[in-house]
1. Is it the case that some residue within the range B:437-454 is more than 19 Å from residue B:283 (Cβ to Cβ) and of a type in the set (Ser, Thr, Tyr)?
2. Hey, any hits in the range B:566-575 for a residue that's out of contact with any Gly (no Cβ under 8 Å at 6 or more places or on another chain) and part of a loop (DSSP other than H, G, I, E, B)?
3. Tally up the residues in the range B:696-712 that are in contact with a helix residue (DSSP H, G or I) (Cβ under 8 Å, 6 or more places away or on another chain), part of a strand (DSSP E or B) and small (Gly, Ala, Ser), please.
4. Scan the range A:1-28 for residues that are without any contact (Cβ under 8 Å) to a residue 24 or more places away in the chain and in a strand (DSSP E or B) and jot them down.
5. Among the numbered criteria (1) surrounded by fewer than 20 Cβ atoms within 10 Å (Cβ to Cβ); (2) more than 30 Å from residue A:74 (Cβ to Cβ); (3) assigned by TED's automatic domain parsing to the domain that holds residue B:222, which single criterion is violated by residue B:456?
6. Does residue B:692 satisfy the criteria of being in a strand (DSSP E or B) and modelled with pLDDT of 95 or more?
7. Go over the candidates B:418, B:378, B:384 one by one and state the one that is modelled with pLDDT of 95 or more and closer than 30 Å to residue B:589 by Cβ.
8. Is it true that some residue in the range A:58-68 is more than 21 Å from residue B:733 (Cβ to Cβ) and not small (Gly, Ala, Ser)?
Amino acid sequence: MLYIKCPYCGLRAQKEFSYGGDATVKRPNINEEVSSEDWDNFVYMRKSPRGKHIELWQHIAGCRQWIKVQRDTATHEIFQTAKVTEEIR
Amino acid sequence: MSQPFRLNKEGLINRNKKISFTFNGKKLFGYEGDTIASALIANGIHLVGRSFKYHRPRGFFGAGVEEPNAKLQVEFNGHSEPNVNATEMELVEGLSATSQNCWPSVNFDVGAINNFLKMFFPAGFYYKTFMWPKSFWYKIYEPFIRKAAGLGVASIEKDKERYEHKFEYCDLLVTGSGPSGLASAYAAAKNGAKVILAEDKPRFGGTLLTDDVSIDNLSGKDWAEKIITELKSMPNVTVKNRSQVFGYYDHNMLVMFERVSDHLEKKSKFTPRQRLWYIRAKETILSTGSIERPIVFGNNDTPGIFLSAAAKEYMKVYGVLVGKKPLIFTNNDSAYETALEFKKNNVEPIILDTREEHSSELIDEAKSKGIDIRFSHGVIVANGYKKVKSAKIGKLNKDKNSFEKIETVDCDCICVSGFWTPSVHLASQSGNKLKYEEKIDAFIPDKKKQHETSVGAANGSFTLEESLKNGFENGSNLSAKITDTKTEIAIPNVNEKKYGAHDKFWCMPLPKNENPKRFVDFQNDVSVSDIEIALREGYRSIEHVKRYTTLGMATDQGRTSNLNGLQLVSNIENKIVPEVGHTTFRPPFTPITIGTIVGREVGMEYMPTRKTPMHEWHEKNNAVFVDAGAWKRPRYYKQGNETLFEASKREAKNVRENVGICDVTTLGKIDIKGPDAAEFLNRVYTNAWMKLPVGKARYGLMLREDGIVMDDGTTTRISENHYHMTTTTAQAANVLSHLEYYLQIVWPELNVNVVSTTEQWAGAAIAGPKSRDMLSKLYPDLDVSNDSLPFMGYKEADFFGVPSRIFRISFSGELAYEINVKSDHGMFMWEKMMEVGKEFGNQPYGTEALSTLRIEMGHVAGPELDGRTIPSDVSLNGLVSKKKDFIGKNSLGREAFNVESRQKIVGLIPIDRKSSIPEGSHIVQDQNAKLPNPKLGHVSSSCWSVENNNPFSLAIMKDGKNMIGKKFFAVSPLKNKSIEVEVISSHYVDPEGKRVRS
């Protein structure tokens, strides 16, 4: 079970979180024209990297905040966590 | 009642307390502190089971977790447990143990014929033989093999015991209380670290209990006791015996299995039997020690053959002799300690040492005590069927591949030692790639992957001095990093015997024309010849050899067999062991009970039960409940002998004719507040929300980004910047997360807050033509006319003294209202409604009637919004705005969503107007067509239409409304039904929706 540092609550067990997918995907702006290709990329296309991956988790049984987690998908090592408004470098 | 193999004084057992038990029906006794194994050996019993494949007689081999043979069916405390390790289970009064895998008895086992047919049971036998005919596998081969092989029998009774889970956090977890573990825990504790020390056995100290050593002028045992006593007195230390750390998971989380009360005669009602610990440790010390490995020789599985350290442990811990005429067969010095211990107890051992004559501290001591030592010697084959009687021994030539002399010596036990294998299971589970240490012919941990440090024998250090130093240093350094405190501790003076080098010898050759079985893996009956066959047949990878021969599988995970198996493969393949590699170590390290994994999550505790504030009333009024997620909802209220069908028909009919009330508390409710709330809803829902006035509700539909319908419900504008959203019961949690996602990540610029208020409000729907009359009695001071409170209207009003919200919304399709009050007032509201509603013929209705009402109205719910439908599939395209953007809008233009023949919602009635159509039926053109019969759609929801008094169903069907008027078959192979149906509109009752507006 992973040990995830919520930027609001501190280190908590994975049990308290729910996974939310790739954090680098950006939704096309509302009320703006978007090409079919860009839209399909947003809805369907995801990379499945082996190694570092920035992803979203929600602290669902805690503060309910969505957070960013930089995790190694092979070793599960977590390098960094951040608020969604913050950048992960 | 004498125990022929019990020593007079040795041992750590309590001789003042006798414990009686039975083995295969025979009444026996042992002492407090015995294991089943030590008590049986004390009574001279060695034959305890039959082997897995050949049903060969088997006895004890080890004295702890390494035991491959002695698995018993044990009954105690009123339950029966299979595969209990006799060398670990402590004796308790009244315990009853029986042998497994034998019929009719362990002494006479019919299955033993396999032993004489062994040429027909080589490696891969099952794979080769039971392949055809295919149909024989399930009915004939598999049940037979299961009966013939296999271990104990699982109980089919409900487990009455209590099991617990516990979460713990610590600075340092120490796994094992041998010398290095004790030293690590002590040093860390002195630095102020929060320490957990776990010991698998009942007694702390590990090898300190059996080795002839002294530390600071105390015996090993006394030193261990002193340290443990001090650790126990420290508030920052938790010391646990009977606790096996069996798994190492991500981010330094380890799991531990604690046998809390199996050894207790009496325990309180709330004492769990076993406990599972989830331990998150900042650092872990792996002081798991090492396990002796055997040397392979002929018939080496005969009862009476032991690991030499186990024989020593039986003497020193349990005061039990494993035999009175021992042969010690060794390639190293440690077995000499066993020989000396025998000698101390006036038993004359013979030592067979594979090494050439040489000298070391221990050898010299044995010589000076007059022990018969034969160098360059080894056991070729053990004689005796149910117990060792003698052994054919041989003097090895210089190359150790043939014999200079062969003779037979009498013996009643053989104690074998092939050197030591570090227990690296936990290190390997942590992700540590192991490395091969040539000096000890075994794998030890390499570079760390997590915060784990192996110390002592687990790290390949086999001297006490090194282990202690290792432990103190690592315990101190690791904890100092955490606590920022470093207490200097003097490393104690050690007195131990020096060992000479061991012989890299692991398997006895066989003389010409002799071919006894030489077992590598006892538990799975894998012999040298089986592994040879596997390699001859082309298996190369050690993982494949393992699976083909079953080497190292089973409950002991090859603790005594893995390395010898690797040696054999490397010899045949002409590779060095590290090239062959090792198989994967997986948790659990030892078998643990299913009850422990489950813990308290059984029965009522399996998941939380959510009850509405009116639950007790429903119970008192014969409600039959249905699970809706964790919620309990009344499905129907049973009157007399009514069936579900009759009751739901009565309840639904009463709504259509009079008025009914339904508990709708379980609907998801979300409070939405903020100046941008309208804009937010406008983006979340497919329809327009900017112009909804205060005091009005609107039905809304929300999509996922891929255009699929996610949920539906009404949202009401309570005040300028305050909305009350309702969701379906099932989607409540998902919708909240969905909204939070968009507010926190996608549109953080919107000033909106959302919070779940599902549990804050109790809700009741009042539905039926007489609902307005009833409402006017509930709110005598309120104008409830159609003008004042129209369809989709909203009012706040006083309900007999408590504040309430009135929504004029309808799921049933009738004139209807939903009243919400604070949860605390839910029961009050409900009872008032029942009282006031009497004169209008009010009856409560459950979810079954609710479904009937919505289905015949053509209102969609979960079965239609099944994660595959878009708004136009379920006739809700009228709610999809063309003017504005919203979540999922761009996906609705996809080509596949706009194909005319796409499956869409329709209604179905049976031609005979009588036969109910099973939900899940497939719609086909021709019921007799050849398979695969093309499927045109499926039946999503079915009911008995109370309005028209015949069955009616909703279906999702190809070409949708274009099919209206046509006839098809709804077939359900599961229910063995085929019903001819006619396609009609999905709006079967009141298609214009006049009633809700009346």
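The values are calculated or read from the model by the stated rules, or taken from the named source; none is laboratory data. These numbers were taken from a predicted model, which means no experiment stands behind them. Glycine gets a Cβ as well: all are built from the backbone with ideal geometry, and neighbour counts include every protein chain shown.
1. No, the range B:437-454 contains no residue that is more than 19 Å from residue B:283 (Cβ to Cβ) and of a type in the set (Ser, Thr, Tyr).
2. yes
3. Residues meeting the conditions: 1.
4. The first filter runs over the range A:1-28 and keeps only residues without any contact (Cβ under 8 Å) to a residue 24 or more places away in the chain, leaving A:1, A:10-11, A:13-14, A:25-28.
Those that are without any contact (Cβ under 8 Å) to a residue 24 or more places away in the chain and in a strand (DSSP E or B): A:10, A:11, A:13.
5. (1)
6. Answer is no for this residue.
7. Working: B:378 fails: closer than 30 Å to residue B:589 by Cβ; B:384 fails: closer than 30 Å to residue B:589 by Cβ.
B:418 is the lone residue from the list that is modelled with pLDDT of 95 or more and closer than 30 Å to residue B:589 by Cβ.
8. Checked the range A:58-68: at least one residue is more than 21 Å from residue B:733 (Cβ to Cβ) and not small (Gly, Ala, Ser).
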